[in-house]
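The values are calculated or read from the model by the stated rules, or taken from the named source; none is laboratory data. What you are looking at is a predicted structure, and each value in this text was computed from that prediction instead of being measured. Heads up, the Cβs are rebuilt from the backbone with ideal geometry, glycines too, and the neighbour counts pull from every protein chain shown. In case anyone asks, the SASA skips ligands and DNA or RNA and just uses the protein heavy atoms, side chains included. Shrake-Rupley method; radii C 1.70, N 1.55, O 1.52, S 1.80 Å.
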Amino acid sequence: MKILGIGNAIVDVICKVDDNFINKNNLTKSTMKLFFDEKEFKNLLTSLKIEKTVSGGSIANSIVGLSQLGNKVGFIGKVSDDEFGSRYEEGLKKENVDYFYSKKREDLPTGTCLILVTPDSERTMCTFLGTAGKINDKDIDSDVIKSSDIIFLEGYLWDEGEPKKAFDKAINNANKVAMSLSDLFCVDRHKPHFLNLVKSKLDITFANEQEISSLIEAKNFDEVINFSKQLNKLIIITRGEKGAVVVNGDEVVESGIQKNLKVIDLTGAGDLFAAGFLHGYINKFSTKGCLEKGTEMSSKVIQQIGARL
């Protein structure tokens, strides 16, 4: 196995809405809100017209992207033995991803994420983690971890207490560890944990500029670069219209964005960027080549609805 992803197994439910819907439901545009009340979440869902459903979750999107590029990959994520759980499993199998989880009937349903796409192509996510957030160390097979070149973890998993043991078991058995910081709210909630992970446990960190700036409370981007240089690890930072930067010790490599794209939906842009970058990394591309592959993948996905190519 080249790369094994461990993350929230979430069925993405994609819907188009207007700005009024976002405001009326007290949502913050372009962020992810966690729902803990199943009834409240279902009420939100009933008022929407569904465009399509996909076996999603941030890391799962990256893993599917890697599979589509011809890499041997797998995924661990917890679902329940219900309709969405079956759909989830089928969706990954269709994409040639080895799914290392045997589903059973759980107390909570399979996790669901409403992806609300506004006319400006921004996406606002409402997530009911369901059983996805209950992943624990018993769900992690050490042998599968050991036989993978890289494990790729999801910052979102830190939003629940139980998965910490799963994280620790995975990291302790891994050959190499990559992680996405996932979301600004995630970083702000788990700052000491994330900072420790980035400094001590991770070989590769993916973050956007907002996330890493918040993590180290940087006043400007130079501080981010200086912090990253000192780590002597691979830090990949996406900067929206300013492109992306990789810092690896004293090496700093930048890449611009592709111009004149018809942007339809930004869902999955970061996930597919990570897929492209990791594809380059495991296939021995130059750092610049890795960045360019990441940019190419993210550029493709934002010109369509959803996080899959």
It is to be established whether one or more residues within the range 5-20 are at positive phi and not aliphatic (A, V, I, L, M).
no
Residue among F128, F75 that alone is crowded, with 20+ Cβ neighbours inside 10 Å, in contact with an Asp or Glu (Cβ under 7 Å, 6 or more places away or on another chain) and either modelled with pLDDT of 90 or more or among the basic types (K, R) (or both):
F128
R105 passes all but one of the listed conditions (1) open to solvent by 50 Å² or more (accessible area, probe 1.4 Å); (2) closer than 24 Å to G74 by Cα; (3) at pLDDT 95 or above; (4) not aromatic (F, W, Y); the exception is number (3)
Considering residues that are open to solvent by 60 Å² or more (accessible area, probe 1.4 Å), in a strand (DSSP E or B) and either small (G, A, S) or more than 21 Å from I150 (Cα to Cα) (or both), the number found within the range 222-251 is 1
Can you tell me which residues in the range 182-208 are within 14 Å of L231 (Cβ to Cβ), assigned to a loop (DSSP other than H, G, I, E, B) and of a type outside the set (D, E)?
L202
Kindly provide the set of residues from the range 132-142 that are surrounded by fewer than 18 Cβ atoms within 10 Å (Cβ to Cβ) and either among the polar types (S, T, N, Q) or closer than 16 Å to S58 by Cβ (or both), ordered by number.
N136, S142
Could you check the range 283-301 and list, in sequence order, the residues that are among the β-branched types (V, I, T) and either over 19 Å from S67 (Cα atoms) or at pLDDT below 80 (or both)?
T287
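So that you can scan it fast, the table gives a plain yes or no per residue for (1) of a type in the set (A, V, I, L, M, F, W, C); (2) touching a helix residue (DSSP H, G or I) at 6+ places or on another chain (Cβ under 7 Å):
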| position | (1), (2) |
| --- | --- |
| Q210 | no, yes |
| N220 | no, no |
| Q230 | no, no |
| K262 | no, no |
| F273 | yes, yes |
| I302 | yes, yes |
Out of all the residues in the range 1-18, is one or more open to solvent by 40 Å² or more (accessible area, probe 1.4 Å), under 17 Å from G74 (Cα atoms) and aliphatic (A, V, I, L, M)?
yes
Restricting the range 255-301 to residues that are among the aromatic types (F, W, Y) and under 29 Å from V11 (Cα atoms), the residue that is surrounded by the fewest Cβ atoms within 10 Å (Cβ to Cβ)
Y281
Provide a single number: the residues in the range 143-168 that are at pLDDT below 95 and open to solvent by 10 Å² or more (accessible area, probe 1.4 Å).
9
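Matching residues to (1) closer than 22 Å to A274 by Cβ; (2) hydroxyl-bearing (S, T, Y):
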| residue | (1), (2) |
| --- | --- |
| I14 | yes, no |
| L27 | no, no |
| F41 | no, no |
| T53 | no, yes |
